[in-house]
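First comes the structure, then the notes that go with it.
Throughout, read-outs are computed from the coordinates displayed, never taken from laboratory work. Predicted, not measured: the structure shown is a model, and the values here were computed from it.
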Amino acid sequence: SLIQGHAGSVVAAGMMVAEMMFDLLIHSTSALATTTMPILTPIAQISGVSGQVTVSALLVGSGLTNMVSPTNGLLLAFLAACKVDYIEWVRFMAPLFIALCLVGFAALYLMTVFGA
């Protein structure tokens with residue numbers, strides 16, 4: 001009922017946000033796909049969103065979240081090796097993260113509009 005009456009682009013953006021939240025718990029992209037695709041694929045089909053857009057929402061959401069996730073061990077290891085504080089990293093990455101989120105939303109919008 002949450003997706004009923006919404007445009008495909010809104011559903012695709014919601015899927016991207018959902019993938020970003022799930023990525024805080026599951027960092028492996030293949031494990032994330034295995035866990036979330038059985039849930040999101042029927043939702044996408046009901047709302048008229050193609051499989052390509054669904055997978056793109058997964059990849060964009062996961063990729064963006066991995067850049068700033070405080071639960072991503074690899075990111076924290078890289079930051080420790082470079083002697084960069086996590087808070088300093090987030091302050092540095094926040095403008096780029098927001099810009100890339102907007103680019104991701106725009107790409108998903110264009111994919112749904114042009115029927116990818």
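Over the chain, dividing the summed -39,500 (n - 2.57) contributions of all DSSP H runs of at least 4 residues by the number of residues returns a 222 nm mean residue ellipticity of -25500 deg cm²/dmol. At full extension, Leu76 and Ile39 could sit 10.3 nm farther apart than now, given 0.36 nm per residue minus the alpha carbon distance. Potential lengthening of the chain between Ala106 and Ala31 amounts to 24.4 nm, from the contour at 0.36 nm per residue minus the alpha-carbon distance. Taking 0.36 nm per residue of separation and subtracting the Cα-Cα distance, full extension of the segment from Lys83 to Gln52 would add 7.2 nm. Quote the relative contact order of the chain in percent (integer), defining contacts as alpha-carbon pairs under 8 Å separated by 6+ residues. Computed over the chain, the figure is 36 percent.
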